[in-house]
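Colleague: Quick one: the structure is below, and I'll ask about it shortly.
Nothing in this text is a laboratory measurement; each read-out follows from the coordinates by a stated rule. Values in this document were obtained by computation on a predicted structure and should not be read as measured data. Note: ideal-geometry Cβ built from the backbone for every residue, glycine included; neighbour counts use all protein chains shown.
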Amino acid sequence: MRDVAIIGVGQTKFGQLWDKSLTNLAVEAGVKACLDANIDQKDVEVIYGGTMSGGLFVNQEHIASLLSDFSGFKNIPSIRVEAACASGGLALRQAYIDIASGLHDIAVVGGVEKMTDIGGHSVTKALATAASQEWEAFFGATFPGLYAMIAKLHMHKYKTTEEQLAMCAVKNHKNALNNPFAQFHKKIQVEDVLNSTMVADPLKLFDCSPVSDGAAAVVLASKQKAKELCDAPVWISGSGHATDALSLHDREDITTLKATVEAAKQAYVQAKIGPKDIGCVEVHDCFTIAEICAIEDLGFCKKGEGGRFTEQGNTEIGGRIPVNTSGGLKAKGHPVGATGVAQTIEAVLQLRGEANGRNTNAEIAMMHNIGGSGGTAVVHIFRR
Amino acid sequence: MTGIIGWGAYIPHYRIKAEEIAKAQGQDADTIKSGLRIEEKSVPGIDEDSATIAVEAAKNALKRANILPTEIGAIYLGSESHPYAVKPTGTIVAQAIGMSNNYTTADLEFACKAGTAALQIIYAMVKSDMIRYGLAGGIDTAQAAPGDPLEYTAAAGGAVFILGRENIVAEIKDTVSFTSDTPDFWRRAYQKYPSHGGAFTGEPAYFKHIINATELLLKKVNKKPTDYTYAIFHQPNGKFPVRVAKKLGFNNEQILPGLLVPKIGNTYSGSSILGLAAVLDIAKPGDTILVTSYGSGAGSDSFDIEVTDQILRIRNKSQSVQDYIDNIKYIDYATYLKYTKK
Amino acid sequence: MTVSKFWRNIPQYYNLIGKKCPECNSYYFPPRDVCSQCGNHKLEEHKFDGRGEIVTFTIIRTPLMDPEGEVIDIHAQTIPYILAIVKLEEGPKLTAEIVDCEIDEVKIGKEVGAVFRKIVEKGPHGVIQYGYKFKLVR
């Protein structure tokens, strides 16, 4: 296996981007990443694109061809990767494996989702396809509902409070104030979360990530190419990918995302480090409870301690392990297919010291991307 | 000997009080309550229909009958609210209670007496040895237009009986019918709510058919009203069955145990047979029961039934009608409209 | 859900028919063809009787709705409704609605039993899809 580096990053603004199509978004992010990497379109040898559901969101499949065409990457192999909301993270891993294997030297990894071209109910329905249609959605399960059931049991078993859940959202909104690409630049208080509309008890509107449009892209290069092209490459030092039952009810422990535990284990072993060595982490906070579970399952605190760990300020910038310095899915936005790549970009910016106003001086950073209610988890560790 | 080997009832969880409907209709509740002798009625949950009600009642009947569902050779269900106009309720229920594929079925409709019509058909099939066991039921989620006096009574529920020739708990000794073309109440194809002839539903319809059928039966089995421990007459409201019983020579003691309408309303095809189920819940070996249904259009089926000592063995194996009457939740008129999709 | 997809699942939706591994005594609902515990390929049919307990639950206040309004989704009409993960006595867990009770009666650990209800109606013209929901054991 060859070493692989990230030599360029680019992202669009996240949010309700009415004047941008899926193609516009993906091309904008890809072009920015190539400019950042100081390469030409013709240098790119392969594309890996993460998108959850072009079919349901914009009624367009065969995205791989579309994107390579409009990005000007003529006739090169292009692969669309799908693992629900972990599509972006998995695209990164597949590109990493490709370059590490020696097949190609330069890859563009893109993540994109255009979610606002359909109505709210259609979005809920499209997202629900990441859960089991026959055994969950048919019986009335929605995504907030599934995570709400995780939250309910977490609160029951570990005395986690609604306030502690709210604190994740408050912190992430605060962090997003310094991220120009974030969907929300709005400071909120715990009370704002607690008083927001109940969606699925105990989760309220402000416990949930928004519906977003957006794209993100990174350029990956082999060690040799990276040293030729880039002064400050960021190295992928660990990559993990694991799966678990598609249906939440089929998991051994509803409050543990075993896919996260397993993917993290792979990444830590490969990087030859442990949780204590991580300087900052982007976790998949599609709902506030997901951030609590993630910091436990990634090993930053013990199972059941996530709520108190958050309340004590450990996950703030300046705390023991800054979590979601970008604003997370909650405040930065969650164009589902783009999320894993956008998390990667935040890790790169942190390691380059370019996360203006939210720098952590981290030497090692991590990203954690989840598909569905935990059926897929992708974890990557990066170092300078 | 042919008779009932298991019975089961089901009444939905929700009730609406007559006061609540009177408020919506701008009427005086006390006048309505004393006029119709009704206090409240059952309302199906939004996810309930005649098929789901029949399934729950049939499961209760199976708990009492000591047979496997795969041994049942026919299922006939009477209702005026079959979920489909075309596609049988019987197949849904048979599948849900675990019957084999070796059975016959067809859906029945005869206003409020389709349940007893089913009972007669299954009785004939079992008695003739065409099948070993059969399942008959009457269920409804009765509809009434907002503002119609029927709204006070049109209710949901049903009862199911499994018939056989051994281990009988209540022998059906005989049955007769009295039927004529009398348009007192009807619902045309594709219409949501029924129409009716107002007062015409009384003397020439309900009373004439019930009295004639009952008298035909008494004559045929050579019995007097006083020979029966219990009597059950179709219950469109709380007044008609009491009056018809009196006219025929039955007293309140005989009819009150099976008179459920004040608490659950008129469950149409389930009405008289839910009364029968309630009586079987309390009857002793040797008790005799007379049941006469009434279906608009119009006809009555009358049954002569005798309870055996087997009844004590199976009575408590399932929930009783009283259990369903006791465990309820009251809803307001807005919720009622939502649940009944008006 | 299309008619054929629904029809294929009728034994599960109506009767909770799952599988049991005769080698290691593991139970599966919905049925599986391979035992996840021991790898055995010859699993036997098992009918679950529908008794179980609530593992966790939520109150859904924003339901899944058909965007074109072609499906009269009963869930959309019943909000708020109670959704739970139920652990069957034999071990498998499933997701289903809890009906006929007040929201504050539902607690983690409470005993429930399966009932037969309408799940989805495909509009006034379409097929009615029935299946399991659960009720508190009183």
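Colleague: Viscosity 0.692 mPa s, temperature 37 °C: give me the Stokes-Einstein translational D for chain C in µm²/s, with Rh taken as the Kirkwood radius over C-alpha pairs.
Modeller: Once the numbers are plugged in, D ends up at 203 µm²/s.
Colleague: At a Förster radius of 30 Å, what calculated FRET efficiency corresponds to the Cβ-Cβ distance of C:Ile10 and B:Lys341, to the nearest 0.05?
Modeller: That pair, C:Ile10 with B:Lys341, gives E of 0.75.
Colleague: What's the long-distance tail for chain A, i.e. % of Cα pairs beyond 35 Å?
Modeller: 16
Colleague: Report relative contact order for region B:174-311 in percent, whole number only (criteria: Cα-Cα under 8 Å, sequence separation at least 6).
Modeller: 34
Colleague: Please compute the net charge surrounding A:Gly318, taking Lys and Arg as +1 and Asp and Glu as -1 over other residues with Cβ under 12 Å from its Cβ.
Modeller: Surrounding charge for A:Gly318 is +3.
Colleague: Across bins of 10 angstrom width beginning at 0, how are the C-alpha pair distances of region A:174-276 distributed, in whole percent?
Modeller: Going from the shortest bin to the longest, the percentages are 11, 20, 33, 28, 8, 1.
Colleague: Oh, and also: For region B:116-132, in order, what is each residue's ³J(HN,Hα) by Karplus, 6.51 cos²θ - 1.76 cosθ + 1.60 with θ = phi - 60°, in whole Hz (x at glycine and Pro)?
Modeller: 6, 4, 4, 4, 5, 5, 5, 4, 5, 5, 6, 4, 7, 6, 5, 9, 7
Colleague: While we're here: Out of the GluC sites (Glu not before Pro) in region C:96-135, which ones are loop residues according to DSSP with at most 14 other C-beta atoms within 10 Å?
Modeller: Here the GluC sites (Glu not before Pro) that fit, given the DSSP loop and packing criteria, are C:Glu102.
Colleague: On to the next question. Taking 4 °C and 1.567 mPa s as the conditions, I'd like the Stokes-Einstein D for region A:41-84 in µm²/s, using the Kirkwood hydrodynamic radius from alpha carbon pairs.
Modeller: 120
Colleague: Just C:Asp33, C:Asp104, C:Asp49 to compare: in a GNM of chain C, with alpha carbon springs under 10 Å, which one fluctuates most?
Modeller: Result: C:Asp104 has the largest fluctuation of those listed.
Colleague: Work out, step by step, the length gained on full extension between A:Gln312 and A:Lys276: first 0.36 nm times the residue separation, then minus their alpha carbon distance; give nm to one decimal.
Modeller: Result for the pair: 11.2 nm of gain on full extension.
Colleague: Skipping prolines and chain starts, which residues have an amide H placed within reach, meaning under 5 Å, of the one on B:Ile5, given they are 5 or more residues away or on another chain?
Modeller: Amide H neighbours of B:Ile5, under 5 Å, 5+ apart: B:Ile162, B:Leu163, B:Gly164, B:Val169.
Colleague: How big is region C:2-61 in terms of Cα radius of gyration and Dmax, in angstroms?
Modeller: Expressed in Å, the Cα Rg and Dmax of region C:2-61 come to 14.0, 43.
Colleague: State, in angstrom, two size descriptors of the protein assembly as shown derived from its alpha carbons: Rg to one decimal place and Dmax to the nearest whole number.
Modeller: Final numbers for Rg and Dmax: 32.9, 111 Å.
Colleague: Continuing with the same structure: Taking a threshold of 24 Å on the Cα-Cα distance, which of the pairs B:Lys59/C:Lys47; C:Lys47/C:Lys87; A:Lys42/A:Lys332; B:Lys127/B:Lys239; C:Lys19/C:Lys93; B:Lys239/B:Lys263 fall above it?
Modeller: The pairs that break the limit, which is 24 Å between Cα atoms, are A:Lys42/A:Lys332; B:Lys127/B:Lys239.
Colleague: Suppose only helical runs count, i.e. DSSP H with n ≥ 4. What mean residue ellipticity at 222 nm does that imply for chain C under -39500 (n - 2.57) per run, divided by all residues and rounded to the nearest 500 deg cm²/dmol?
Modeller: Calculated from helices alone, the mean residue ellipticity at 222 nm is -2500 deg cm²/dmol.
Colleague: How big is region B:29-112 along each principal axis, measuring the range of its Cα positions in Å and listing the largest first?
Modeller: Projected onto its principal axes, the Cα set of region B:29-112 covers 52, 31, 24 Å.
Colleague: A follow-up question, please. When you have a sec, figure out the Kirkwood radius of region B:3-169 from all distinct Cα pair distances and drop it here in Å to one decimal?
Modeller: About 16.6 Å, per the Kirkwood formula over Cα pairs.
Colleague: Compute log10 of I(q)/I(0) for region B:204-252 with the Debye formula, placing one identical point scatterer on every Cα and leaving out solvent, at q = 0.20 Å⁻¹, to two decimals.
Modeller: -0.64
Colleague: Continuing with this model, one more query. Over region B:3-169, what is the mean sequence separation of C-alpha contacts under 8 Å (at least six apart), divided by residue count, expressed as relative contact order in percent?
Modeller: 33 percent.
Colleague: Cut-off 13 Å, label point 7 angstrom out along Cα-to-Cβ of B:Gln322: give me the residues of region B:44-61 whose amide nitrogen falls inside.
Modeller: none
Colleague: Excluding residues fewer than 8 places away in the same chain, name every one of the aspartates and glutamates whose C-alpha is closer than 12 Å to that of B:Lys17.
Modeller: Result set, ordered by chain and number: B:Asp30, B:Glu39, B:Glu40, B:Glu151, B:Asp332.
Colleague: Under a GNM of chain A (C-alpha, springs under 10 Å), which listed residue has the highest mean-square fluctuation: A:Glu191, A:Glu296, A:Glu363?
Modeller: With Cα springs under 10 Å in chain A, the top fluctuation among A:Glu191, A:Glu296, A:Glu363 is at A:Glu191.
Colleague: For B:Asp174 and B:Thr226, FRET efficiency with R0 = 25 Å and r from the beta-carbon atoms, rounded to 0.05?
Modeller: 0.90
Colleague: Pull up the cross-link candidates among the aspartates and glutamates for A:Lys204, meaning alpha carbon to alpha carbon under 13 Å and not fewer than 8 places away within one chain.
Modeller: A:Lys204 reaches A:Glu162, A:Glu163, A:Glu191, A:Asp192.
Colleague: Give me Rg over Rh for region A:105-150, both radii from the alpha carbons and Rh done the Kirkwood way, two decimal places.
Modeller: Radius of gyration over Kirkwood radius for region A:105-150 works out to 1.16.
Colleague: Additional query: From the backbone phi of region B:314-331, what are the Karplus-calculated ³J(HN,Hα) couplings (6.51 cos²θ - 1.76 cosθ + 1.60, θ = phi - 60°) in whole Hz, Gly and Pro given as x?
Modeller: Whole-Hz 3J(HN,Hα) from phi for region B:314-331: 10, 3, 8, 7, 9, 4, 8, 4, 4, 4, 6, 6, 7, 9, 9, 9, 7, 10.
Colleague: For chain B, evaluate the Debye formula with one uniform point scatterer on each Cα (no solvent term) and list log10 I(q)/I(0) at q = 0.08, 0.10, 0.11 Å⁻¹, rounded to two decimals.
Modeller: -0.32, -0.51, -0.63
Colleague: What residue among A:Phe138, A:Phe181, A:Phe73 shows peak mean-square fluctuation when chain A is described by a Gaussian network model with Cα springs under 10 Å?
Modeller: For chain A, modelled as a Gaussian network with Cα springs under 10 Å, the answer is A:Phe138.
Colleague: Then there is this: If you take each beta carbon of peptide C:113-126 and count the beta carbons of other chains within 10 angstrom, what is the mean?
Modeller: Taking the mean over all residues of the peptide, I get 4.
Colleague: Give me the compactness ratio for region C:83-137, meaning the Cα radius of gyration over 2.2 N^0.38 Å.
Modeller: Against the empirical 2.2 N^0.38 Å value, I get 1.28 for region C:83-137.
Colleague: Suppose we look only past 27 Å in the calculated P(r) of region A:223-351. What percent of the Cα-Cα pairs does that tail hold?
Modeller: Here the long-distance tail beyond 27 Å is 20 percent of all Cα pairs in region A:223-351.
Colleague: To the nearest whole number, what is the average tally of beta carbon atoms from other chains within 10 Å of the beta carbons of peptide B:45-55?
Modeller: Mean partner-chain Cβ count within 10 Å for B:45-55: 6.
Colleague: Same structure again: Taking every Cα atom in region B:229-342, find the radius of gyration and the maximum pairwise distance Dmax, and write them in Å.
Modeller: Cα radius of gyration and Dmax of region B:229-342 are 15.5, 47 Å respectively.
Colleague: May I pose another question? At q = 0.11, 0.15, 0.19, 0.22 Å⁻¹, what log₁₀ I(q)/I(0) does region A:16-137 have when each alpha carbon counts as one equal point scatterer in the Debye sum?
Modeller: So the normalised log intensities are -0.39, -0.69, -1.02, -1.27.
Colleague: Another one. Helix A:258-271 sits at what angle to the longest principal axis of chain A, using alpha carbons and giving 0 to 90 degrees rounded to 10?
Modeller: It works out to around 40 degrees.
Colleague: Within a 10 angstrom radius of each residue's Cβ in C:26-33, how many Cβ atoms of other chains show up on average? Whole number is fine.
Modeller: Other-chain Cβ atoms within 10 Å of each residue's Cβ, averaged: 1.
Colleague: Output the Kirkwood hydrodynamic radius of region A:66-106, Cα pairs only, in Å rounded to one decimal.
Modeller: Answer for region A:66-106: a Kirkwood hydrodynamic radius of 11.3 Å.
Colleague: Now for a different question. Tell me, what are the semi-axes, in whole angstrom and largest first, of the equivalent ellipsoid of region A:257-297 as set by the roots of 5 times the Cα gyration tensor eigenvalues?
Modeller: Calculated on Cα positions only, the semi-axes equal 19, 12, 7 Å.
Colleague: Also, quick follow-up: Tell me the relative contact order for region A:271-384 as a rounded percent, counting alpha carbon contacts under 8 Å between residues six or more apart.
Modeller: Reported relative contact order: 30 percent.
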